[in-house]
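Note sheet for the following structure.
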Amino acid sequence: KGQEWTNSTGWVGEYNSHCEWHGIECNDEGQVIKLTLGNGGLSGRISGAIGDLRMLQTVDLRDNDLKGSIPSEIGHLLNLTSLILSFNEITGTVPTGIAKLSNLELLHLHDNRLQGTVPRLALKGQTKSSF
C-alpha cells in the first residue's frame, strides 16, 4: 500500500534499480544490506520473503502500521546486526530463529502486541535492546 508512504522516492519508477529506492541500501554487488523504512507510513505485513535478502544487516521498520507476526524467515538473516520493529501492531510470538542471529547487536521489539518470551539471544558486543 504505497499511497500512505511518507517517502516513495524511486519506488514507483518502472525501470529504477531497487538500490535507488528510498530506504534501501545495497552493497557493490547490488544485494540489499539495509532496509531503513522507519516512520514511513507503511501498512500491511512483513513478508516471509524478507528471509531471501540474505545479506541484510539492518532492518528498521519502526513506527509504521505493520500487523501480523514476525516471519520465521527472519532467522535466515545471519548477517543481521540491527532489527528494529518497535511501535507497530505486530502480534504473535518472537520466532525462535532469532536466537541464531549471532551478529545481532540491536533488537527493538517494544510497543507491539507480542506475547511470550524472547528466545535466548547470543547478542554480539554491548547490547542495546528492548522488548
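Structural remarks
- Rough spin-label spacing in nm, given labels placed 7 Å along Cα→Cβ, for H18 and Q115: 3.4 nm
- Counted by Cβ distance under 12 Å from L56, the other residues give a net charge of -2, where Lys and Arg count +1 and Asp and Glu count -1.
- Neighbours of Q31 by Cβ distance under 15 Å: Lys/Arg scored +1, Asp/Glu scored -1, total -3.
- Relative contact order of the stretch 28-101, pairs being alpha-carbon contacts under 8 Å that are 6 or more residues apart, as %: 31 percent
- Long-range HN-HN contacts of L114 with modeled amide H, under 5 Å: none
- Of the trypsin sites (Lys or Arg not before Pro) found in the stretch 32-75, the ones in coil according to DSSP and having at most 16 other Cβ atoms within 10 Å of their Cβ are R54.
- Sequentially through the stretch 31-45, phi angles give Karplus couplings (6.51, -1.76, 1.60; θ = phi - 60°) of 8, 5, 10, 9, 10, 10, 10, x, 6, x, x, 7, 9, x, 10 Hz, Gly and Pro residues having no value and appearing as x.
- Applying the criteria of a DSSP loop state and at most 16 other Cβ atoms within 10 Å to the GluC sites (Glu not before Pro) of the stretch 18-53 yields E29.
- Dividing the convex hull volume of the alpha carbon atoms of the stretch 73-124 by its residue count gives 67 Å³ per residue.
- The chymotrypsin sites (Phe, Trp or Tyr not before Pro) found in the stretch 13-105 that occupy coil by DSSP, while having at most 12 further C-beta atoms within 10 Å, are Y15.
No value in this document is a laboratory result; all are computed from the given coordinates. Just so it is clear, the model here is predicted, and its values are computed rather than measured. Here the Cβ is made from the backbone with ideal geometry for all residues, glycine too, and neighbour counts use every protein chain on show.
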